[in-house]
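Here the structure is laid out as structure tokens; the discussion comes afterwards.
Please treat every number below as a calculation from the coordinates, not as lab data. Because the structure is predicted, anything quoted here is derived from the model rather than measured. Reconstructed Cβ throughout: ideal geometry from the backbone, glycine too, with neighbour counts over all protein chains shown.
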Amino acid sequence: MAGIAYVEGRFMPVEEARMPILDLGFLRGDAVYDTISVWKGNFFRLDDHLARFQASCRSMRLLLPMPVEELKRILAECVARAGVEQAGYVQMILTRGKFVSPANRDLRLCSHNFMCYSLPYVWIASPERQEQGLHLAIVENRRTPTEAMDPTVKNFNSMDMQRGLLQAYDHEADYALLLTPDGYLSEGPGYNLFFVKDRMLHSPKRNVLEGITRRSVADLAAELGLECRFADLEPAQLRGADEAFLTSTAGGIMPVTVVDGRTLGNGAPGILTGQIRARYWQKREAGWLGTPVASLVAAKVA
Ligand SMILES: Cc1ncc(COP(=O)(O)O)c(C=O)c1O
């Protein structure tokens, strides 16, 4: 697999990248991360992703071991070394690191472990699959309560999602949608949810990661003159929607055509979904909210 990782201050092929077994990122899931896409030479919404990553770090009291300008340069170098500037995916991770010693388990003394890697662009659903529409199941397992883990912190504590996905397979769906502990629609593994009813867009407000693609959809909806509402939403509203789609850095705007075994609308990806999706990719091709990878790699040489 083409891909480059940056671990312990060194770039290497992604297959060679390893994590120490005693790192609390592994043993406790004590880590935050963020994922950015790269398209036609540009990082998408780089500063928005880095602001979210820094907010995740602050929330978990993790200190980034380098200034943000240096972080940008490392990300850019990872992308350039992998040669994925045209269609890439880059993930940065900061873990708590290891205990100072077996006898000293003070979390405040751990020295944090930063790593990142780049890959060819990752599609949660392939473009062909998106043309057909995804099958989604509203699953039994609920999303972790916000009071237990703030979902706006992008983190790896995702056993709720993993279980949800396994349950979706039981329902002959390949995408899962979890509910909040009190039974409203939330999100699934790696994506936010939208549905369309009577030309209005709806998306869950609580118990979700504030997705950057979700924010981009709100921007595109405004450009298209469509109203977009973030609220507590009932499962029945999704089942009775005209259209639905999932949003993610890894795949963009992904039409849903089946919910809980029943087709939405006429069973084809929705018309407004198609318009939003087309506009998203047209704008991405044209460098929308982009930061050229080359400008950051060059910054090192200058
Ligand atoms: C739980 C969850 N919700 C939503 C998203 C979508 O966020 P974004 O659009 O920033 O990729 C992700 C992305 O990984 C996620 O893990």
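Couplings 3J(HN,Hα) of the stretch 151-167, computed from phi: x, 7, 8, 7, 9, 9, 7, 10, 5, 4, 5, 4, 4, x, 5, 4, 5 Hz, in residue order, whole Hz [Karplus 6.51 cos²θ - 1.76 cosθ + 1.60, θ = phi - 60°; x for Gly and Pro]. Under a model in which nothing but the beta-carbon of Lys, Arg (+1) and Asp, Glu (-1) is charged, the chain shows a dipole of about 680 debye around its Cα centre. Label-to-label distance, Arg105 versus Asp260, with points set 7 angstrom from Cα along the beta-carbon direction: 4.3 nm.
Sort the following peptides by mean Cβ neighbour count (other Cβ atoms within 10 Å, averaged over residues), highest first: 71-77, 83-89.
On the way: 71-77: 21.3, 83-89: 18.0.
Descending packing order for the listed peptides: 71-77, 83-89.
For a quick protection proxy, order the peptides 58-69, 181-192 by their average other-Cβ count within 10 Å, most packed first.
Working: 58-69: 13.1, 181-192: 20.7.
Descending packing order for the listed peptides: 181-192, 58-69.
For the stretch 4-120, the Kirkwood radius over C-alpha pairs fed into Stokes-Einstein at 20 °C and 1.002 mPa s yields D = 146 µm² per second. Between Met19 and Gln275, the modelled label-to-label distance comes to 4.3 nm, taking each label 7 Å out from Cα in the direction of the beta carbon.
I'm checking a number: the convex hull volume of the Cα atoms of the stretch 127-269, normalised per residue, in Å³. What is it? Walk me through the numbers on the way to the answer.
Values: hull volume 14.5 nm³, N = 143.
Dividing the Cα hull volume of the stretch 127-269 by its residues yields 102 Å³.
At a 10 angstrom cut-off on C-beta neighbours, averaged per residue, how do the peptides 93-99, 273-279, 165-171 rank from highest to lowest?
Working: 93-99: 21.7, 273-279: 19.6, 165-171: 15.9.
Sorting 93-99, 273-279, 165-171 by mean packing, highest first, produces 93-99, 273-279, 165-171.
Each label point was placed 7 Å from the Cα along the Cα-to-Cβ direction; for Gln282 and Met149 their separation is 4.0 nm. Electrostatic bookkeeping for Leu185 treats Lys and Arg as +1 and Asp and Glu as -1; over the other residues with beta carbon under 9 Å from its beta carbon, the sum is -3.
Calculate one ³J(HN,Hα) per residue across the stretch 234-249 by plugging θ = phi - 60° into the Karplus curve 6.51 cos²θ - 1.76 cosθ + 1.60, and present them in order as whole Hz with x for glycine and proline. For the stretch 234-249, the Karplus-derived couplings read 7, x, 5, 5, 5, 5, x, 6, 7, 8, 8, 7, 10, 10, 7, 3 Hz, x marking Gly and Pro. If only the Cβ of Lys and Arg carry +1 and only the Cβ of Asp and Glu carry -1, the dipole of the stretch 4-120 around its Cα centre is close to 320 debye. Using bins of 20 Å that start at zero, the share of Cα-Cα pairs per bin across the chain amounts to 32, 57, 10, 0, in whole %. Electrostatic tally near Asp260: other residues with Cβ closer than 15 Å to its Cβ, Lys and Arg +1, Asp and Glu -1, net -3. Placing unit charges on each Cβ (+1 for Lys and Arg, -1 for Asp and Glu) gives the chain a dipole about its Cα centre, and among Gly211, Gly225, Ile253 the Cα reaching farthest toward its positive end belongs to Gly211.
The shape of the stretch 85-155 comes out oblate: with a ≥ b ≥ c from the C-alpha gyration tensor, a/c is at least 1.5 while a/b does not beat b/c.
Less than 11 Å Cβ to Cβ from Ala168, Lys/Arg counted +1 and Asp/Glu -1: what total charge do the surrounding residues give?
Numbers: positive: Arg163; negative: Glu140, Asp170, Glu172, Asp174, Asp260.
Charge balance in the 11 Å sphere: -4.
For the stretch 212-302, how big is Rg over Rh, using alpha carbon atoms and the Kirkwood form of Rh?
Numbers: Rg = 16.7 Å, Rh = 15.1 Å.
Ratio of gyration radius to Kirkwood radius for the stretch 212-302: 1.11.
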